[in-house]
Amino acid sequence: MDRHAWKPFLQRWSEEWRIAHPGEEPGGDPWLGCPPATEDEVQALEARLGCVLPPSFREFLLVTNGWRHAGNLVWSLRGTEEIGWLTDLEPMWAETWVDREVKYEDPAAARSLLISLRADAGVVYLDPGDVDERGEWAAYDVFSWRARGSERHGSFHEKMYHFYAEFHALDRPRCETQREWDATVEDARLASLRGEVDRPLAVFAQAVRFGRDRASFLLFQMRTLLRSEDGGLFYPRPTKSDDTGSWTLDEDLFAAQVLPLLSAARQQARRFGSDSMPRSRQDRRSQRVKYQFPGDGRTQRVERPLGRHQARREEPAFRVCFGDPEFDAAAHAALDAGEDAWPRLLDALVHWRPLHEDHIAPIALLADPRAARLITPERGRELLAASRG
């Protein structure tokens with residue numbers, strides 16, 4: 001990324017940060033950076049270090065010689081006078097360290113360049129021993145309180161883009177970037193209904209990085225049918241009282257499509273015993289996470305509606321409802337068809353209709369053990385590749 005690309009990106013970031021933090025730093029200039037370094041200053045730094053800086057970081061310094069609010073936990077980056085080797089400036093971070101009985105060892109740290117100045121018990125550094133074909137050095141951050149080791153990105157630019165996305169996910173400024181992502185997510189939603197799979201998956205995953213909650217629910221539905229290991233269970237993001245602009249999950253859609261999955265997962269976990277990890281982790285999350293329904297502003301715990309749904313599952317005549325009446329009847333008939341169940345279930349998809357504009361896949365199918373056994377990852381992709389609704 002050259003300086004001509006850095007400037008508009010950093011300018012937008014600065015303006016959006018001011019939107020999210022009005023009045024925190026008085027002054028008319030929204031720029032979060034510093035005056036640019038001169039070519040002589042950059043060359044002097046390279047001479048002091050004994051190496052040429054990676055391209056995206058070098059060009060960054062020629063746009064801004066330092067940066068504030070690089071991440072929500074990284075308050076500033078160093079300028080040319082302050083950059084140096086991690087072993088010289090922060091030797092503790094270049095050594096093996098132990099936290100909560102977990103040992104973290106990063107051989108890259110001992111040879112790396114420290115670029116963060118102030119952070120929350122952490123550092124950001126570049127590794128000259130991990131260089132790609134463009135000459136970019138891998139970038140890392142590590143924090144003593146985080147229950148994992150260093151986090152790698154392919155370049156300084158990738159690290160800064162990650163910080164930018166993280167800023168959006170946590171601070172959620174009402175800005176053009178947010179609106180652009182929402183429009184992109186809507187386009188990907190329609191593409192998914194037309195039978196596209198990979199592009200919507202990629203769009204939703206990127207939008208989740210920027211804190212777009214609707215994308216997280218759309219991604220959850222696709223990954224659920226694909227039986228992805230990272231699909232997980234969907235628990236809506238806690239809603240803050242001042243977060244009126246955030247997306248909220250429709251109550252009826254949650255009850256019809258998500259609760260059956262949560263209930264089935266809990267029922268399956270109970271087969272392993274009350275002390276099993278799947279159940280205990282799920283119970284802790286459902287007790288802690290709240291979600292808000294639009295309209296009357298009520299906030300309820302997931303546990304309450306989940307308990308009501310589980311009570312209904314105990315009734316003799318209970319059966320999972322898969323969606324709209326026509327699809328529900330066709331899907332149940334397909335699952336009763338023995339060896340012909342899969343082709344008949346695929347044919348039944350012609351009757352499927354979304355229950356809400358945020359509904360893109362018949363995920364409630366997987367709350368039925370027959371369908372859960374039938375739908376492999378390959379068959380889940382076949383369902384998603386069919387035009388729906």
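Worth pointing out:
- Cβ-based net charge around LEU225, under 10 Å, with every Lys or Arg adding one and every Asp or Glu removing one: +3
- Projecting label points 7 angstrom from Cα along Cα→Cβ for ALA333 and GLU158 puts them 5.1 nm apart.
- Annotation: extensible slack from ALA169 through ALA44 equals 41.3 nm (criterion: 0.36 nm per residue apart, minus Cα-Cα distance).
A short reminder: the numbers here are calculations on the coordinates, not readings from a lab. Worth saying up front: this structure is predicted, and the values here are computed from it rather than measured. So basically every Cβ, Gly included, is an ideal-geometry build from the backbone, and we count neighbours across all protein chains shown.
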